[in-house]
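First comes the structure, then the notes that go with it.
Just so you know, all these numbers are worked out from the coordinates, no wet-lab data involved. Quantities reported herein were computed from a predicted structural model and do not represent experimental measurements. Positions of Cβ are generated from backbone atoms using ideal geometry, with glycine treated the same way; all protein chains shown enter the neighbour counts.
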Amino acid sequence: MADLSALLDKEASAEIETVLSEAQARASEIVAQATSEAEALQASRRRAAEAQREATLVRARSAAQLEAASLRLKAQHAGVENVFTAARQKIADLAKNPAEYAPVFAKLLKIALDGAGNQPLEAVVVNPADKDVAAQALKEAGVTTPLETSEDVTSGVRLRTGNRSVIESTLLGRLESLQGELASEVSGALFGAKAS
């Protein structure tokens, strides 16, 4: 019986060794698989975090570029507006100097008269400050139409025709009508080729 007991112990030990060996092998597989899944999950999270970081950087750069572009446009707009404000002031200063303003006024009057063509004139309207310059220019042009004054006419002349049409030729009016065209040229001159 001792032999049988030893044989059973030996077979049981062998069976236990086999079960333990299989259990260890299975445990190693499970640990390896869990380690692999954990590494894959960590790698995936790193990639997701990196992608999120890159997306955040792209958004931040875009926002910064938009803000910079907005500031640049505001500066350009302010610069262009300053130029037109200075031009308006130069026109106002010119109108205060009769010697320099008289030939300019004469040209503005000629442009208005050419625009009227053969229409009969009812009145020539100028700013009260321009009355003397206008009277001289009308005399030199041979125009005998009545001369009127109005505060709303500045730096030029307004003609009223017999059929109630109005022809205006003023420096400020010309500046305002050309401002859109001139703005890009002024911006280019102030800020270089990048402005346009």
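Straight-line reach from residue 90: which aspartates and glutamates have Cα under 13 Å away, leaving out those fewer than 8 places along the same chain?
Hits, sequence-local ones excluded: 100.
How much of the DSSP beta bridge set in the stretch 98-176 is antiparallel, as a percent to the nearest 5?
So the antiparallel bridges amount to about 75 percent of the total.
Using a 10 Å cut-off around each Cβ, can you sort 151, 185 from fewest to most neighbouring Cβ atoms?
The order, fewest Cβ neighbours first, is 151, 185.
Looking only at the chain, where both bridge partners belong to it, what percent of the DSSP beta bridges are antiparallel (to the nearest 5)?
Antiparallel: roughly 75 percent of the beta bridges in the chain.
Students often check this: by mean Cβ neighbours within 10 Å, which of 42-55, 84-97 ranks highest, and how do the rest follow?
84-97, 42-55
Going by alpha carbons, how many degrees (0 to 90, nearest 10) lie between the helix axis of 131-141 and the longest principal axis of the chain?
70
Given R₀ = 45 Å, FRET efficiency for residue 141-residue 191 by Cβ-Cβ distance, to 0.05?
0.60
Check which residues have an amide H placed less than 5 Å from residue 121's amide H, if you skip close sequence neighbours.
Correct list: 162.
How big is the stretch 1-115 in terms of Cα radius of gyration and Dmax, in angstroms?
For the stretch 1-115, the Cα radius of gyration and maximum Cα-Cα distance read 46.0, 145 Å.
Pick from 58, 83, 31: which is most flexible by mean-square fluctuation in a GNM of the chain where alpha carbon atoms under 10 Å apart are linked?
Judging by the Gaussian network model, the answer is 31.
Considering only 35, 145, 154, give the residue with the highest GNM mean-square fluctuation for the chain, with springs between Cα atoms whenever their separation is below 10 Å.
Of the options given, 35 has the highest mean-square fluctuation.
At a Förster radius of 35 Å, what calculated FRET efficiency corresponds to the Cβ-Cβ distance of residue 60 and residue 33, to the nearest 0.05?
Efficiency, rounded to the nearest 0.05: 0.30.
In Å, the Kirkwood hydrodynamic radius of the stretch 98-176 over pairs of distinct alpha carbons?
Evaluated on the stretch 98-176, it is 12.2 Å.
Specify which labelled value, from [x] 1.49; [y] 2.80; [z] 1.12, agrees with Cα Rg over 2.2 N^0.38 Å derived from the coordinates of the model shown.
Matching entry in [x] 1.49; [y] 2.80; [z] 1.12: [y].
Report ³J(HN,Hα) in whole Hz for each residue of the stretch 103-112, in order, from the Karplus equation J = 6.51 cos²θ - 1.76 cosθ + 1.60 where θ = phi - 60°; Gly and Pro get x.
For the stretch 103-112, the Karplus curve yields x, 5, 4, 4, 5, 4, 4, 4, 4, 5 Hz.
Apply 1/(1 + (r/R0)^6) to the Cβ-Cβ distance of residue 26 and residue 46, taking R0 = 35 Å, and write down the FRET efficiency to the nearest 0.05.
0.70
Any chance you could run the full-extension gain for residue 69 through residue 89? It's 0.36 nm times the residue separation minus the Cα-Cα distance, nm to one decimal.
Gain on extension, residue 69 to residue 89, equals 4.2 nm.
For the stretch 129-160 and the stretch 73-124, write down the distance between their C-alpha centroids in whole Å.
14
Would you calculate, for the chain, the mean residue ellipticity at 222 nm contributed by helices, counting each DSSP H stretch of 4 or more residues as -39,500 (n - 2.57) and dividing by all residues, to the nearest 500?
-27000 deg cm²/dmol
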